[in-house]
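Values in this text are rule-based calculations from the coordinates and carry no lab data. Model, not experiment: these values are computed from the prediction. Neighbour counts run over all protein chains shown; Cβ positions are idealised from the backbone, glycine included.
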Amino acid sequence: MFNRNVIYRPPSEAFSLILQVTNGCSHNRCSFCSMYKGVPFRIKSLEEIKAEIDYFRNRTRYVERVFLADGDALIIPTEKLIEILKYIKKVFSECKRVSTYASPKSLELKSEEELKEIKNNGISLLYIGAESGSDEVLRKINKGVTSKELGDLILKARKVGFKTSVTFIAGILGDKDFRENAEATGKFISRCEPDYVGILSLMLEENSDLY
């Protein structure tokens with residue numbers, strides 16, 4: 001029933017219940033990332049997810065926060081995602097916050113009405129890996145979006161009421177001149193005004209394309 005792959009979560013979700021509703025990442029082409037290499041993307045069935053929720057309910061006295069893993073739970077079809085959220089609320093009535101990673105693809109596919117419905121049913125915080133505000137860098141790391149497109153998607157999420165935690169990667173250009181990247185990223189942050197900003201250090205593993 002349970003996937004044995006390594007599960008990743010944001011540092012701020014250290015004390016959350018990590019509920020793995022998908023395997024892998026729907027994009028899985030970023031050149032710096034090795035987290036889901038070799039893991040075929042799959043959305044778990046409702047039966048699997050509900051069984052795991054029941055499993056954790058039977059073994060956990062109090063759950064204040066739930067994080068939906070893996071790399072992009074927001075990509076789940078809206079109707080199914082809402083059913084998952086309603087079941088979380090039913091089983092973990094004490095839960096105060098549900099959060100997840102959100103890819104550019106998932107934010108683009110969901111309409112504002114769908115996002116509002118998802119927000120109203122429990123997800124309040126989205127973690128978004130922007131990595132950079134520079135079009136050149138986004139192209140080199142194969143992010144799949146331009147800076148403007150990515151910024152528009154973050155603003156779309158904020159417009160419907162989500163809190164956003166957006167991360168960027170320092171050192172993504174190696175020893176090359178980083179000034180354009182830094183300036184573009186600063187402008188990007190000023191435009192989008194995310195609730196939280198994280199600056200991460202580049203760490204490459206051998207199975208990443210950028211390595």
Extreme residue, positive dipole direction of segment 10-156, given options Gly122, Ile18, Gly151 (C-beta unit charges): Ile18
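Any idea what the relative contact order of segment 59-211 is, in percent, if you count C-alpha pairs under 8 Å spaced at least 6 apart?
Relative contact order comes out at 21 percent.
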For segment 134-159 and segment 45-90, distance of Cα centres in Å: 28
Kindly flag which residue pairs out of Lys148/Lys176; Lys50/Lys110; Lys90/Lys148; Lys96/Lys140; Lys90/Lys110; Lys86/Lys148 have an alpha-carbon separation exceeding 32 Å in this structure. Lys90/Lys148; Lys96/Lys140; Lys86/Lys148
Among Ser34, Ser103, Leu202, whose Cα lies farthest out toward the positive end of the dipole of the chain, if unit charges sit on the beta carbon of Lys, Arg (+1) and Asp, Glu (-1)? Ser103
Hey, what's the Kirkwood Rh for segment 52-115 if you take every pair of different alpha carbons, in angstrom? 12.7
Just the isolated ones, please: cysteines in the chain lacking another cysteine beta carbon under 4.7 angstrom. Cys25, Cys95, Cys192
Given +1 on the Cβ of Lys and Arg, -1 on the Cβ of Asp and Glu, and no further charges, what dipole in debye does the chain carry about its Cα centre, rounded to the nearest 20? 620
Residues Phe41, Phe162, sorted so that the one with the fewest Cβ neighbours within 10 Å comes first: Phe41, Phe162
For segment 159-198, what is the convex hull (Cα atoms) projected area averaged across all directions, in square nanometres? 3.0
Along principal axes, largest first, the alpha-carbon spread of segment 11-201 in whole Å comes out as 53, 35, 27
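State to the nearest 20 debye the size of the charge dipole of segment 17-58 about its Cα centre, where the only charges are +1 on K and R beta carbons and -1 on D and E beta carbons. Don't skip to the end; give the middle numbers.
Values: 6 positive and 4 negative charges, 44 e Å.
Using only the charged Cβ atoms, the result is roughly 220 debye.
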Just the Cα atoms of segment 1-124: what Rg and Dmax do they give in Å? 13.9, 40
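Send over the per residue convex hull volume for segment 128-203, Cα only, as a whole number of Å³.
77
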